[in-house]
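Written out below as structure tokens is the structure these notes cover.
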Amino acid sequence: AQSVAQPEDQVNVAEGNPLTVKCTYSVSGNPYLFWYVQYPNRGLQFLLKYITGDNLVKGSYGFEAEFNKSQTSFHLKKPSALVSDSALYFCAVRAGYSSASKIIFGSGTRLSIRP
Amino acid sequence: DTGVSQDPRHKITKRGQNVTFRCDPISEHNRLYWYRQTLGQGPEFLTYFQNEAQLEKSRLLSDRFSAERPKGSFSTLEIQRTEQGDSAMYLCASSEPGLTSEQYFGPGTRLTVT
């Protein structure tokens with residue numbers, strides 16, 4: 001069965017510092033991995049995805065994520081945090097076989113950037 | 001096309017009543033998904049359509065829940081005999097064909113059952 005774990009409910013970072021939001025996954029076969037962000041009173045927005053190839057993927061708003069197969073992780077990173085990055089972040093996984101359809105989401109990590 | 005839209009944005013109903021939500025996906029997307037999200041949790045998969053065919057349903061989707069996508073465009077999610085436990089945000093998403101395609105989410109319909 002597919003599963004996603006986001007071990008931190010909240011991450012607090014000072015503006016200008018690097019940030020990391022952690023995600024680990026469990027899936028049969030090769031994973032397709034996604035990060036989404038949810039701002040208050042708005043729908044989830046796609047940030048980036050890992051399908052295959054380079055383990056470091058770049059996405060919107062300066063975010064990037066590193067895929068680590070041996071650790072089954074897909075941590076979200078940004079070199080320099082902005083106050084406007086404060087939001088709820090969700091990691092998601094889909095199994096990479098042809099009959100797979102649904103995406104499983106983690107429980108979310110609230111990122112708070114202090115000025 | 002400005003994205004996925006959902007209607008209504010908020011619905012308050014009394015326990016035992018039926019409710020229906022609508023989702024209009026991005027026009028060129030043939031895949032449509034319904035999720036439920038409760039406070040402090042990630043979206044939980046409910047069901048998925050490819051064109052008009054409903055290909056997968058979660059065990060979370062009891063027999064009180066039904067979804068349709070009759071012409072492969074918009075979709076409706078109906079909840080019959082609502083219960084207080086049905087109170088949640090109901091999210092719709094659409095995507096292009098293919099397992100690697102990301103989903104685009106609507107703003108959601110917040111259901112409150114009193």
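Structure above, values below:
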read-out	value
Residue in the stretch A:26-46 that is farthest from B:GLN103 (Cα to Cα), counting only those that are more than 7 Å from chain B (Cβ to nearest Cβ) and either surrounded by 19 or more Cβ atoms within 10 Å (Cβ to Cβ) or among the charged types (D, E, K, R) (or both)	A:VAL27
Qualifying residue in the stretch B:80-89 (condition: of a type outside the set (A, V, I, L, M), at pLDDT 90 or above and part of a strand (DSSP E or B))	no
Matching entry among B:GLY108, B:GLY72 (being touching a residue at least 40 places away in the same chain (Cβ under 8 Å), on the phi > 0 side of the Ramachandran plot and facing another protein chain (nearest Cβ under 10 Å))	B:GLY108
Residue selected from the stretch B:42-59 under the condition in a loop (DSSP other than H, G, I, E, B) and out of contact with any strand residue (DSSP E or B) (no Cβ under 6 Å at 6 or more places or on another chain), by the criterion farthest from the other protein chains (Cβ to nearest Cβ)	B:GLU52
Where B:LEU32 falls short, out of the listed (1) within 13 Å of another protein chain (Cβ to nearest Cβ); (2) hydrophobic (A, V, I, L, M, F, W, C); (3) surrounded by fewer than 17 Cβ atoms within 10 Å (Cβ to Cβ); (4) in contact (Cβ under 8 Å) with a residue 40 or more places away in the chain	(3)
Considering residues of the stretch B:90-105 that are among the hydrophobic types (A, V, I, L, M, F, W, C) and in a strand (DSSP E or B) only, the residue nearest to the other protein chains (Cβ to nearest Cβ)	B:PHE105
Search result, residues across the stretch B:58-84 that are among the hydroxyl-bearing types (Ser, Thr, Tyr) and under 17 Å from B:THR109 (Cα atoms)	B:SER66, B:SER75, B:THR76, B:THR82
Single match in A:TYR39, A:TYR97, A:TYR32, A:TYR89 (criterion: at pLDDT below 95 and closer than 30 Å to B:HIS10 by Cβ)	A:TYR39
Flag if A:LYS49 is farther than 20 Å from B:LEU99 by Cα, in contact (Cβ under 8 Å) with a residue 12 or more places away in the chain and in contact with a Leu (Cβ under 9 Å, 6 or more places away or on another chain)	no
So B:GLN103, is it within 14 Å of the chain's Cα centre (by Cα), within 24 Å of A:PHE105 (Cβ to Cβ) and touching a residue at least 40 places away in the same chain (Cβ under 8 Å)	yes
All positions within the stretch A:4-25 that are among the β-branched types (Val, Ile, Thr) and either free of Cβ contacts under 8 Å to residues at least 24 places away in the same chain or surrounded by fewer than 18 Cβ atoms within 10 Å (Cβ to Cβ) (or both)	A:THR20
Within the stretch B:36-94, considering residues that are hydroxyl-bearing (Ser, Thr, Tyr) and within 20 Å of B:ILE12 (Cα to Cα), the one surrounded by the most Cβ atoms within 10 Å (Cβ to Cβ)	B:TYR90
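The values are calculated or read from the model by the stated rules, or taken from the named source; none is laboratory data. Quick caveat: nothing in here was measured; it's all calculated off a predicted structure. Backbone-built Cβ (ideal geometry, glycine too); neighbour counts: all protein chains shown.
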